[in-house]
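Data block below; observations after.
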Amino acid sequence: MKKAEKPLGRIKSSIAMRLNTRLFVRLLGIYIGMDLLLSLLFGGCLLFWAEERCLEIDALVDQRGVPTAQATEWMQAGDYIVTAGSQANGQALPSWLPTRIERGTRYFDPGHLDFLFAVIDTGGNTSYSLSIPNGDSPYTITLDLTGPVGWFLLAARVLFICQAISLLSNLLKNAGTIRRTLRPIQDLAAAAARLSSSSAMSQEELKALAGKLDAINATHLDIRLSVSDTQKELKMLAAAINAMLDRIHAAYQSQMRFVSDASHELRTPIAVIEGYASLLNRWGKDDPATRQEAIDAIQAEAGSMKELIEQLLFLARGDNESMHIELEPFDLTEVAAEVLRETEMIDQTHTFSARWIDTVPVCADLGLIKQALRILVDNAIKYTPAGGQITVSISIQDGMARLTVQDEGQGISAQDLPHIFDRFYRTDTSRARQTGGTGLGLAIAKWIVDRHQGWFEVRSWEEVGTCMTIVLPLAEPNSGIQKKPA
(Lines give C-alpha, C1' and ligand atoms only; values in the text may rest on other atoms or scores of the structure.)
Protein backbone atom coordinates (compact mmCIF):
# COMPACT_ATOMS: atom_id res chain seq x y z
CA MET A 1 0.00 0.00 0.00
CA LYS A 2 1.40 3.38 -0.99
CA LYS A 3 2.05 5.75 1.84
CA ALA A 4 0.19 9.06 1.63
CA GLU A 5 2.41 12.06 1.04
CA LYS A 6 1.97 15.49 2.57
CA PRO A 7 0.98 18.27 0.20
CA LEU A 8 3.80 20.55 -0.82
CA GLY A 9 1.89 23.63 0.32
CA ARG A 10 1.43 22.19 3.79
CA ILE A 11 5.11 21.28 4.01
CA LYS A 12 6.10 24.78 2.93
CA SER A 13 3.69 26.37 5.45
CA SER A 14 5.09 24.18 8.21
CA ILE A 15 8.65 25.20 7.38
CA ALA A 16 7.66 28.87 7.16
CA MET A 17 5.85 28.69 10.51
CA ARG A 18 8.81 27.06 12.23
CA LEU A 19 11.25 29.58 10.79
CA ASN A 20 8.98 32.50 11.66
CA THR A 21 8.49 31.21 15.22
CA ARG A 22 12.23 30.85 15.71
CA LEU A 23 12.88 34.37 14.44
CA PHE A 24 10.11 35.75 16.69
CA VAL A 25 11.43 33.95 19.77
CA ARG A 26 14.98 35.08 19.00
CA LEU A 27 13.93 38.73 18.64
CA LEU A 28 11.80 38.50 21.79
CA GLY A 29 14.79 37.12 23.69
CA ILE A 30 16.95 39.98 22.44
CA TYR A 31 14.38 42.56 23.61
CA ILE A 32 13.99 40.91 27.02
CA GLY A 33 17.74 40.79 27.48
CA MET A 34 18.05 44.43 26.46
CA ASP A 35 15.27 45.46 28.90
CA LEU A 36 16.91 43.58 31.76
CA LEU A 37 20.24 45.22 30.97
CA LEU A 38 18.68 48.70 30.92
CA SER A 39 16.87 47.99 34.22
CA LEU A 40 20.11 46.87 35.84
CA LEU A 41 21.91 49.96 34.57
CA PHE A 42 19.14 52.22 35.91
CA GLY A 43 19.13 50.43 39.26
CA GLY A 44 22.91 50.70 39.56
CA CYS A 45 22.90 54.41 38.71
CA LEU A 46 20.01 55.03 41.13
CA LEU A 47 21.84 53.19 43.92
CA PHE A 48 25.02 55.19 43.29
CA TRP A 49 23.08 58.47 43.37
CA ALA A 50 21.26 57.47 46.56
CA GLU A 51 24.49 56.56 48.33
CA GLU A 52 26.12 59.83 47.32
CA ARG A 53 23.08 61.75 48.57
CA CYS A 54 23.03 59.84 51.88
CA LEU A 55 26.74 60.57 52.34
CA GLU A 56 26.10 64.31 51.97
CA ILE A 57 23.14 64.24 54.36
CA ASP A 58 25.05 62.16 56.92
CA ALA A 59 27.81 64.79 56.94
CA LEU A 60 25.22 67.47 57.75
CA VAL A 61 23.74 65.34 60.53
CA ASP A 62 27.20 64.91 62.08
CA GLN A 63 27.59 68.69 62.14
CA ARG A 64 24.11 69.76 63.28
CA GLY A 65 22.73 66.68 65.00
CA VAL A 66 19.42 64.94 64.39
CA PRO A 67 16.85 67.56 63.36
CA THR A 68 13.75 68.30 65.39
CA ALA A 69 10.18 67.53 64.37
CA GLN A 70 9.75 71.00 62.81
CA ALA A 71 12.89 70.54 60.75
CA THR A 72 11.68 67.12 59.67
CA GLU A 73 8.45 68.63 58.37
CA TRP A 74 10.48 71.26 56.51
CA MET A 75 12.67 68.60 54.89
CA GLN A 76 9.62 66.68 53.64
CA ALA A 77 9.14 69.43 51.07
CA GLY A 78 12.47 68.44 49.52
CA ASP A 79 13.73 65.07 48.39
CA TYR A 80 14.75 63.65 51.78
CA ILE A 81 13.94 63.53 55.46
CA VAL A 82 16.01 62.60 58.54
CA THR A 83 14.10 61.07 61.43
CA ALA A 84 15.21 59.91 64.85
CA GLY A 85 15.14 56.18 65.43
CA SER A 86 15.93 53.20 63.28
CA GLN A 87 12.49 52.53 61.87
CA ALA A 88 12.38 52.35 58.04
CA ASN A 89 9.80 51.12 55.54
CA GLY A 90 10.42 48.64 52.72
CA GLN A 91 12.58 45.60 52.12
CA ALA A 92 16.09 45.35 53.53
CA LEU A 93 18.76 45.32 50.78
CA PRO A 94 21.62 42.78 50.82
CA SER A 95 24.83 43.82 52.52
CA TRP A 96 27.05 42.95 49.54
CA LEU A 97 25.85 45.90 47.47
CA PRO A 98 28.48 48.65 46.96
CA THR A 99 27.97 51.47 49.49
CA ARG A 100 29.46 54.81 50.41
CA ILE A 101 28.67 54.56 54.14
CA GLU A 102 29.90 51.39 55.79
CA ARG A 103 27.53 51.44 58.77
CA GLY A 104 23.79 51.14 58.71
CA THR A 105 21.07 49.08 57.06
CA ARG A 106 19.47 49.98 53.75
CA TYR A 107 15.86 49.58 52.72
CA PHE A 108 13.97 50.01 49.50
CA ASP A 109 10.27 50.79 49.53
CA PRO A 110 8.58 50.47 46.10
CA GLY A 111 5.47 52.21 47.42
CA HIS A 112 2.64 51.71 44.94
CA LEU A 113 5.07 50.21 42.40
CA ASP A 114 4.17 46.66 41.36
CA PHE A 115 6.80 45.05 39.17
CA LEU A 116 4.22 42.84 37.49
CA PHE A 117 2.35 45.95 36.30
CA ALA A 118 5.27 48.33 36.00
CA VAL A 119 4.16 49.43 32.56
CA ILE A 120 0.97 51.12 33.85
CA ASP A 121 2.13 52.03 37.38
CA THR A 122 3.28 55.56 38.28
CA GLY A 123 5.84 54.51 40.87
CA GLY A 124 4.42 56.78 43.58
CA ASN A 125 5.93 56.99 47.13
CA THR A 126 9.05 55.07 46.16
CA SER A 127 11.85 55.61 48.68
CA TYR A 128 15.36 54.57 49.68
CA SER A 129 16.19 54.51 53.43
CA LEU A 130 19.43 54.22 55.35
CA SER A 131 19.11 53.39 59.05
CA ILE A 132 22.31 54.45 60.85
CA PRO A 133 23.08 53.34 64.45
CA ASN A 134 24.45 56.29 66.41
CA GLY A 135 24.89 55.07 69.96
CA ASP A 136 21.80 55.94 71.95
CA SER A 137 20.53 58.23 69.16
CA PRO A 138 20.04 56.25 65.95
CA TYR A 139 18.56 58.04 62.98
CA THR A 140 17.21 57.20 59.52
CA ILE A 141 17.81 59.01 56.21
CA THR A 142 14.95 58.55 53.71
CA LEU A 143 15.27 59.62 50.06
CA ASP A 144 12.24 60.20 47.84
CA LEU A 145 12.78 58.31 44.52
CA THR A 146 9.34 58.97 43.06
CA GLY A 147 10.64 61.39 40.42
CA PRO A 148 13.46 59.33 38.80
CA VAL A 149 11.49 56.09 39.04
CA GLY A 150 8.49 57.76 37.40
CA TRP A 151 10.58 59.05 34.51
CA PHE A 152 12.16 55.60 34.09
CA LEU A 153 8.75 53.91 33.97
CA LEU A 154 7.56 56.45 31.41
CA ALA A 155 10.57 55.66 29.19
CA ALA A 156 9.95 51.95 29.79
CA ARG A 157 6.35 52.30 28.59
CA VAL A 158 7.49 53.95 25.36
CA LEU A 159 10.19 51.31 24.86
CA PHE A 160 7.75 48.44 25.49
CA ILE A 161 5.26 49.86 22.99
CA CYS A 162 7.99 50.22 20.33
CA GLN A 163 9.20 46.70 20.98
CA ALA A 164 5.67 45.31 20.72
CA ILE A 165 5.11 47.10 17.41
CA SER A 166 8.49 45.83 16.17
CA LEU A 167 7.66 42.24 17.14
CA LEU A 168 4.30 42.33 15.38
CA SER A 169 5.69 43.97 12.23
CA ASN A 170 8.60 41.55 12.07
CA LEU A 171 6.23 38.63 12.60
CA LEU A 172 4.22 39.65 9.54
CA LYS A 173 7.20 40.76 7.47
CA ASN A 174 9.23 37.61 8.16
CA ALA A 175 6.29 35.41 7.20
CA GLY A 176 6.08 37.05 3.76
CA THR A 177 9.85 37.00 3.26
CA ILE A 178 10.11 33.33 4.19
CA ARG A 179 7.26 32.39 1.85
CA ARG A 180 8.87 34.28 -1.04
CA THR A 181 12.24 32.70 -0.30
CA LEU A 182 10.81 29.18 -0.15
CA ARG A 183 8.71 29.58 -3.31
CA PRO A 184 11.55 28.53 -5.72
CA ILE A 185 12.23 25.49 -3.56
CA GLN A 186 8.54 24.61 -3.69
CA ASP A 187 8.54 24.99 -7.48
CA LEU A 188 11.58 22.74 -7.74
CA ALA A 189 10.00 20.15 -5.42
CA ALA A 190 6.78 20.28 -7.44
CA ALA A 191 8.74 19.73 -10.66
CA ALA A 192 10.60 16.79 -9.12
CA ALA A 193 7.33 15.29 -7.82
CA ARG A 194 5.79 15.72 -11.23
CA LEU A 195 8.69 13.93 -12.87
CA SER A 196 8.52 11.03 -10.41
CA SER A 197 4.73 10.65 -10.53
CA SER A 198 4.13 11.09 -14.27
CA SER A 199 4.37 7.88 -16.25
CA ALA A 200 4.08 9.58 -19.62
CA MET A 201 4.35 13.25 -20.50
CA SER A 202 3.52 14.93 -23.76
CA GLN A 203 5.96 17.10 -25.68
CA GLU A 204 4.12 20.26 -24.57
CA GLU A 205 4.31 19.21 -20.92
CA LEU A 206 8.01 18.49 -21.24
CA LYS A 207 8.58 21.91 -22.78
CA ALA A 208 6.58 23.57 -20.02
CA LEU A 209 8.50 21.65 -17.37
CA ALA A 210 11.81 22.56 -19.00
CA GLY A 211 10.74 26.19 -19.07
CA LYS A 212 9.88 26.06 -15.37
CA LEU A 213 13.24 24.52 -14.51
CA ASP A 214 14.99 27.10 -16.66
CA ALA A 215 13.05 29.85 -14.88
CA ILE A 216 14.10 28.46 -11.52
CA ASN A 217 17.70 28.43 -12.67
CA ALA A 218 17.78 31.83 -14.31
CA THR A 219 15.17 33.87 -12.47
CA HIS A 220 14.05 32.43 -9.16
CA LEU A 221 17.39 31.41 -7.77
CA ASP A 222 19.53 34.17 -9.24
CA ILE A 223 17.24 37.21 -9.08
CA ARG A 224 14.30 36.58 -6.75
CA LEU A 225 16.46 34.87 -4.13
CA SER A 226 18.38 37.98 -3.08
CA VAL A 227 19.94 36.15 -0.13
CA SER A 228 21.72 38.35 2.39
CA ASP A 229 24.73 37.42 4.50
CA THR A 230 22.39 36.05 7.17
CA GLN A 231 20.99 33.48 4.72
CA LYS A 232 24.12 31.67 3.60
CA GLU A 233 22.35 28.29 3.61
CA LEU A 234 19.85 29.42 0.96
CA LYS A 235 22.63 31.06 -1.03
CA MET A 236 24.55 27.77 -1.04
CA LEU A 237 21.37 25.91 -2.04
CA ALA A 238 20.79 28.30 -4.94
CA ALA A 239 24.39 27.94 -6.08
CA ALA A 240 24.18 24.14 -5.83
CA ILE A 241 20.96 24.05 -7.90
CA ASN A 242 22.47 26.34 -10.53
CA ALA A 243 25.59 24.21 -10.74
CA MET A 244 23.48 21.04 -10.98
CA LEU A 245 21.44 22.47 -13.85
CA ASP A 246 24.63 23.56 -15.62
CA ARG A 247 26.06 20.06 -15.32
CA ILE A 248 22.83 18.50 -16.57
CA HIS A 249 22.77 20.84 -19.55
CA ALA A 250 26.44 20.21 -20.36
CA ALA A 251 26.00 16.43 -20.04
CA TYR A 252 22.89 16.53 -22.24
CA GLN A 253 24.66 18.56 -24.93
CA SER A 254 27.68 16.26 -24.77
CA GLN A 255 25.47 13.18 -25.10
CA MET A 256 23.59 14.63 -28.06
CA ARG A 257 26.85 15.60 -29.77
CA PHE A 258 28.29 12.15 -29.07
CA VAL A 259 25.26 10.37 -30.53
CA SER A 260 25.30 12.65 -33.58
CA ASP A 261 29.00 12.07 -34.20
CA ALA A 262 28.71 8.32 -33.69
CA SER A 263 25.78 8.17 -36.10
CA HIS A 264 27.78 10.13 -38.66
CA GLU A 265 30.78 7.82 -38.31
CA LEU A 266 28.65 4.70 -38.71
CA ARG A 267 26.66 6.13 -41.62
CA THR A 268 29.68 6.26 -43.96
CA PRO A 269 30.82 2.59 -43.72
CA ILE A 270 27.21 1.42 -43.85
CA ALA A 271 26.69 3.42 -47.04
CA VAL A 272 29.89 1.97 -48.53
CA ILE A 273 28.85 -1.59 -47.65
CA GLU A 274 25.39 -1.00 -49.07
CA GLY A 275 26.87 0.40 -52.28
CA TYR A 276 29.22 -2.52 -52.83
CA ALA A 277 26.45 -4.99 -52.00
CA SER A 278 24.36 -3.41 -54.77
CA LEU A 279 27.39 -3.59 -57.06
CA LEU A 280 27.76 -7.28 -56.33
CA ASN A 281 24.07 -7.85 -56.94
CA ARG A 282 24.18 -6.15 -60.33
CA TRP A 283 27.55 -6.95 -61.92
CA GLY A 284 29.70 -8.80 -59.44
CA LYS A 285 28.14 -12.21 -59.85
CA ASP A 286 29.87 -12.84 -63.15
CA ASP A 287 32.85 -10.44 -62.89
CA PRO A 288 35.61 -11.83 -60.62
CA ALA A 289 37.46 -8.49 -60.44
CA THR A 290 34.35 -6.58 -59.40
CA ARG A 291 33.42 -9.30 -56.94
CA GLN A 292 36.86 -9.24 -55.28
CA GLU A 293 36.87 -5.43 -55.11
CA ALA A 294 33.49 -5.44 -53.39
CA ILE A 295 34.55 -8.15 -50.94
CA ASP A 296 37.74 -6.27 -50.01
CA ALA A 297 35.87 -3.02 -49.54
CA ILE A 298 33.16 -4.66 -47.42
CA GLN A 299 35.79 -6.34 -45.23
CA ALA A 300 37.67 -3.06 -44.77
CA GLU A 301 34.54 -1.13 -43.84
CA ALA A 302 33.39 -3.89 -41.51
CA GLY A 303 36.77 -3.76 -39.79
CA SER A 304 36.44 0.03 -39.41
CA MET A 305 32.97 -0.38 -37.96
CA LYS A 306 34.21 -3.03 -35.53
CA GLU A 307 37.04 -0.75 -34.37
CA LEU A 308 34.64 2.17 -33.96
CA ILE A 309 32.14 0.10 -31.98
CA GLU A 310 34.88 -1.23 -29.71
CA GLN A 311 36.07 2.29 -29.03
CA LEU A 312 32.52 3.45 -28.34
CA LEU A 313 32.01 0.57 -25.91
CA PHE A 314 35.30 1.43 -24.20
CA LEU A 315 34.25 5.04 -23.68
CA ALA A 316 30.76 3.99 -22.56
CA ARG A 317 32.20 1.67 -19.91
CA GLY A 318 34.57 4.45 -18.87
CA ASP A 319 31.75 6.97 -18.52
CA ASN A 320 29.72 4.50 -16.46
CA GLU A 321 32.74 3.81 -14.22
CA SER A 322 32.40 0.10 -15.01
CA MET A 323 35.90 -0.28 -16.45
CA HIS A 324 38.03 -2.49 -14.22
CA ILE A 325 41.51 -1.12 -13.61
CA GLU A 326 44.04 -3.51 -12.11
CA LEU A 327 47.12 -1.75 -10.78
CA GLU A 328 50.43 -3.59 -10.76
CA PRO A 329 54.08 -2.48 -10.72
CA PHE A 330 56.03 -2.86 -13.97
CA ASP A 331 58.85 -1.28 -15.93
CA LEU A 332 57.57 1.31 -18.39
CA THR A 333 60.59 0.85 -20.68
CA GLU A 334 59.75 -2.83 -21.22
CA VAL A 335 56.22 -1.95 -22.33
CA ALA A 336 57.54 0.70 -24.73
CA ALA A 337 60.10 -1.74 -26.16
CA GLU A 338 57.39 -4.34 -26.75
CA VAL A 339 55.12 -1.84 -28.53
CA LEU A 340 58.02 -0.70 -30.75
CA ARG A 341 58.91 -4.29 -31.71
CA GLU A 342 55.30 -5.03 -32.68
CA THR A 343 55.03 -1.78 -34.66
CA GLU A 344 58.30 -2.35 -36.56
CA MET A 345 57.04 -5.73 -37.74
CA ILE A 346 53.86 -4.15 -39.12
CA ASP A 347 55.16 -0.84 -40.49
CA GLN A 348 58.24 -0.85 -42.72
CA THR A 349 57.86 2.69 -44.06
CA HIS A 350 59.01 4.64 -41.00
CA THR A 351 62.11 4.70 -38.83
CA PHE A 352 61.61 3.99 -35.12
CA SER A 353 64.04 4.90 -32.35
CA ALA A 354 64.00 4.44 -28.58
CA ARG A 355 65.59 6.69 -25.97
CA TRP A 356 65.83 5.54 -22.36
CA ILE A 357 68.65 4.56 -20.06
CA ASP A 358 67.40 3.11 -16.81
CA THR A 359 64.38 1.33 -15.40
CA VAL A 360 61.29 3.53 -14.95
CA PRO A 361 58.93 1.81 -12.47
CA VAL A 362 55.23 2.69 -12.49
CA CYS A 363 52.19 1.18 -10.79
CA ALA A 364 49.38 1.08 -13.34
CA ASP A 365 47.17 -1.14 -15.48
CA LEU A 366 49.60 -2.77 -17.92
CA GLY A 367 47.04 -3.35 -20.66
CA LEU A 368 45.60 0.16 -20.54
CA ILE A 369 49.00 1.86 -20.55
CA LYS A 370 50.05 -0.27 -23.52
CA GLN A 371 46.81 0.70 -25.29
CA ALA A 372 47.44 4.42 -24.68
CA LEU A 373 51.01 4.10 -26.03
CA ARG A 374 49.79 2.26 -29.12
CA ILE A 375 47.28 5.06 -29.78
CA LEU A 376 50.06 7.65 -29.72
CA VAL A 377 52.33 5.55 -31.95
CA ASP A 378 49.48 4.86 -34.41
CA ASN A 379 48.70 8.57 -34.64
CA ALA A 380 52.37 9.33 -35.25
CA ILE A 381 52.43 6.77 -38.07
CA LYS A 382 49.24 8.13 -39.67
CA TYR A 383 50.43 11.71 -39.84
CA THR A 384 54.14 11.19 -40.51
CA PRO A 385 55.14 10.90 -44.18
CA ALA A 386 56.87 7.74 -45.36
CA GLY A 387 60.54 7.75 -44.44
CA GLY A 388 59.96 9.97 -41.40
CA GLN A 389 61.26 9.15 -37.93
CA ILE A 390 59.19 8.35 -34.84
CA THR A 391 60.95 8.49 -31.48
CA VAL A 392 59.75 7.00 -28.20
CA SER A 393 61.60 8.28 -25.13
CA ILE A 394 61.15 7.59 -21.40
CA SER A 395 62.65 9.54 -18.52
CA ILE A 396 62.13 10.54 -14.90
CA GLN A 397 61.68 14.21 -14.08
CA ASP A 398 60.47 15.89 -10.87
CA GLY A 399 59.52 12.53 -9.39
CA MET A 400 57.24 11.60 -12.34
CA ALA A 401 57.61 9.15 -15.21
CA ARG A 402 57.50 10.78 -18.66
CA LEU A 403 56.64 8.74 -21.79
CA THR A 404 57.08 10.78 -24.99
CA VAL A 405 56.19 9.98 -28.61
CA GLN A 406 57.64 12.42 -31.12
CA ASP A 407 56.93 12.38 -34.86
CA GLU A 408 57.82 14.35 -37.96
CA GLY A 409 54.28 14.82 -39.21
CA GLN A 410 52.24 17.77 -40.31
CA GLY A 411 51.85 19.17 -36.78
CA ILE A 412 48.78 20.64 -35.10
CA SER A 413 47.66 24.24 -35.49
CA ALA A 414 47.20 26.50 -32.49
CA GLN A 415 43.41 26.63 -32.90
CA ASP A 416 43.14 22.83 -33.10
CA LEU A 417 45.46 22.06 -30.19
CA PRO A 418 42.93 22.67 -27.35
CA HIS A 419 40.43 20.26 -28.98
CA ILE A 420 42.57 17.25 -29.86
CA PHE A 421 41.22 15.23 -26.91
CA ASP A 422 37.57 15.91 -27.80
CA ARG A 423 35.67 12.91 -29.04
CA PHE A 424 35.36 12.61 -32.84
CA TYR A 425 37.56 15.67 -33.33
CA ARG A 426 39.98 15.56 -36.27
CA THR A 427 42.58 18.18 -37.12
CA ASP A 428 42.44 17.18 -40.82
CA THR A 429 38.98 16.05 -41.90
CA SER A 430 40.01 15.61 -45.54
CA ARG A 431 42.50 12.88 -44.57
CA ALA A 432 40.16 11.08 -42.18
CA ARG A 433 39.19 8.34 -44.62
CA GLN A 434 42.77 7.88 -45.78
CA THR A 435 44.23 7.50 -42.29
CA GLY A 436 41.32 5.47 -41.02
CA GLY A 437 40.96 7.51 -37.86
CA THR A 438 37.70 7.86 -35.95
CA GLY A 439 38.65 10.77 -33.70
CA LEU A 440 38.32 8.65 -30.55
CA GLY A 441 41.89 7.48 -30.01
CA LEU A 442 43.19 10.47 -28.08
CA ALA A 443 39.97 10.66 -26.06
CA ILE A 444 40.54 7.05 -24.96
CA ALA A 445 44.21 7.73 -24.20
CA LYS A 446 43.31 10.75 -22.10
CA TRP A 447 40.71 8.75 -20.17
CA ILE A 448 43.34 6.10 -19.41
CA VAL A 449 45.92 8.65 -18.28
CA ASP A 450 43.39 10.54 -16.15
CA ARG A 451 42.38 7.36 -14.34
CA HIS A 452 46.04 6.84 -13.40
CA GLN A 453 46.34 10.34 -11.85
CA GLY A 454 48.47 11.46 -14.78
CA TRP A 455 48.21 14.07 -17.49
CA PHE A 456 49.24 14.92 -21.08
CA GLU A 457 51.75 17.50 -22.24
CA VAL A 458 51.54 18.35 -25.95
CA ARG A 459 53.87 20.47 -28.05
CA SER A 460 53.43 20.80 -31.79
CA TRP A 461 54.87 22.81 -34.66
CA GLU A 462 53.14 22.92 -38.03
CA GLU A 463 55.07 21.18 -40.82
CA VAL A 464 57.65 20.09 -38.22
CA GLY A 465 56.03 17.52 -35.97
CA THR A 466 54.27 16.81 -32.69
CA CYS A 467 55.62 15.78 -29.30
CA MET A 468 53.06 14.12 -27.00
CA THR A 469 54.09 13.22 -23.45
CA ILE A 470 52.28 11.06 -20.90
CA VAL A 471 53.18 11.96 -17.31
CA LEU A 472 52.53 9.22 -14.72
CA PRO A 473 53.34 8.84 -11.01
CA LEU A 474 56.30 6.63 -10.22
CA ALA A 475 55.85 3.38 -8.33
CA GLU A 476 56.85 3.11 -4.70
CA PRO A 477 60.55 2.32 -4.09
CA ASN A 478 59.66 -1.07 -2.56
CA SER A 479 57.55 -2.17 -5.54
CA GLY A 480 59.99 -5.01 -6.35
CA ILE A 481 61.11 -3.82 -9.80
CA GLN A 482 64.84 -4.39 -10.25
CA LYS A 483 66.99 -1.84 -12.00
CA LYS A 484 68.55 -2.81 -15.30
CA PRO A 485 72.26 -3.64 -15.16
CA ALA A 486 74.52 -0.88 -16.45
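Tabulated values for the structure
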read-out	value
For PHE456, solvent-accessible area (1.4 Å; no DNA, RNA or ligand), Å²	40
For the range 38-49, 3J(HN,Hα) per residue [Karplus equation, 6.51 cos²θ - 1.76 cosθ + 1.60, θ = phi - 60°, Hz, x = Gly/Pro]	5, 5, 5, 5, 5, x, x, 5, 5, 5, 5, 5
In nm, spacing of pseudo-spin labels at LEU41 and ILE396 (7 Å Cα→C-beta vector)	7.2
Cα gyration tensor shape for the range 281-415, rounded if a/c is under 1.5, else prolate or oblate	prolate
With all protein chains modelled, accessible area of MET17 [1.4 Å, Å²]	130
Most to least accessible of TRP455, TRP447, TRP151 (protein chains only, probe 1.4 Å)	TRP151, TRP455, TRP447
Cα-projected label distance for ARG291 with ILE309, points at 7 Å along beta-carbon direction, nm	2.7
Accessible surface of GLU274 - all protein chains present, 1.4 Å probe, nearest 10 Å²	120
Extension gain from TRP461 to ASP416, taking 0.36 nm per residue of separation minus the Cα-Cα distance	15.0 nm
Cβ-derived FRET efficiency at R0 30 Å, ALA92 paired with VAL158, nearest 0.05	0.40
Contour minus Cα-Cα distance for ILE346 and ARG22 (0.36 nm per residue)	108.9 nm
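The values are calculated or read from the model by the stated rules, or taken from the named source; none is laboratory data. Since the model is a prediction, treat every value here as computed from it, not as a measurement. Here the Cβ is made from the backbone with ideal geometry for all residues, glycine too, and neighbour counts use every protein chain on show. For accessibility, only protein heavy atoms count, side chains too; no ligands or nucleic acids. Shrake-Rupley method; radii C 1.70, N 1.55, O 1.52, S 1.80 Å.
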